[in-house]
1. Please go through region 36-74 and give me each residue that is closer than 27 Å to Lys7 by Cβ, out of contact with any helix residue (DSSP H, G or I) (no Cβ under 6 Å at 6 or more places or on another chain) and of a type outside the set (Val, Ile, Thr), ordered by number.
2. Please enumerate the residues belonging to region 53-74 that are within 21 Å of Gly26 (Cβ to Cβ) and surrounded by fewer than 13 Cβ atoms within 10 Å (Cβ to Cβ).
3. Starting from region 48-74, keep only residues that are under 18 Å from Tyr32 (Cβ atoms), then list their pairs with residues that are β-branched (Val, Ile, Thr) and in a helix (DSSP H, G or I) whose Cβ atoms are within a distance under 8 Å, requiring at least 6 positions of separation or different chains.
Amino acid sequence: MDVEAAKLIGAGLATISLAGAGIGIGNIFAQYIAGSMRNPGASKQVFGNVLLGFALTEAVALYALVMAFLIMFS
C-alpha cells in the first residue's frame with residue numbers, strides 16, 4: 001500500500017468521530033427542549049449547562065478534525 005493512500009484512509013477514519021459529535025449535539029439539544037417543555041421555569045437555569053455540554057462536544061469534534069488534517073498533511 002502506498003503511503004499517500006494510507007494517509008487518506010487514516011484521515012477518513014479520523015473523521016468518523018465527527019458523526020458521533022453531531023449525534024451528541026443533537027441529543028443535548030433534544031433533551032433540553034424536552035426538559036424545557038416539561039418544566040418551563042427551569043429552562044433558563046439549565047441553559048448554561050446546555051451550552052457547556054455543546055461546547056465540550058464541539059471541542060471533541062474540532063480535535064478530531066485537527067487530527068485528520070495532521071494525518072493528511074504530515
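1. Across region 36-74, the qualifying residues are Glu58, Ala59, Leu62, Tyr63, Leu65, Phe69, Leu70, Phe73, Ser74.
2. Of everything in region 53-74, those that are within 21 Å of Gly26 (Cβ to Cβ) and surrounded by fewer than 13 Cβ atoms within 10 Å (Cβ to Cβ) turn out to be Ala55, Leu56, Ala59, Leu62.
3. Listed pairs, sorted by first residue: Val50/Ile28; Gly53/Ile28; Phe54/Ile25; Phe54/Ile28; Thr57/Ile25; Thr57/Ile28; Glu58/Ile25.
All of the numbers you see were taken from the coordinates with simple rules; none came from a lab. Computed from a predicted model, the values in this text were never measured in an experiment. As a convention, Cβ positions derive from the backbone with ideal geometry for all residues, glycine included, and neighbour counts pool all protein chains shown.
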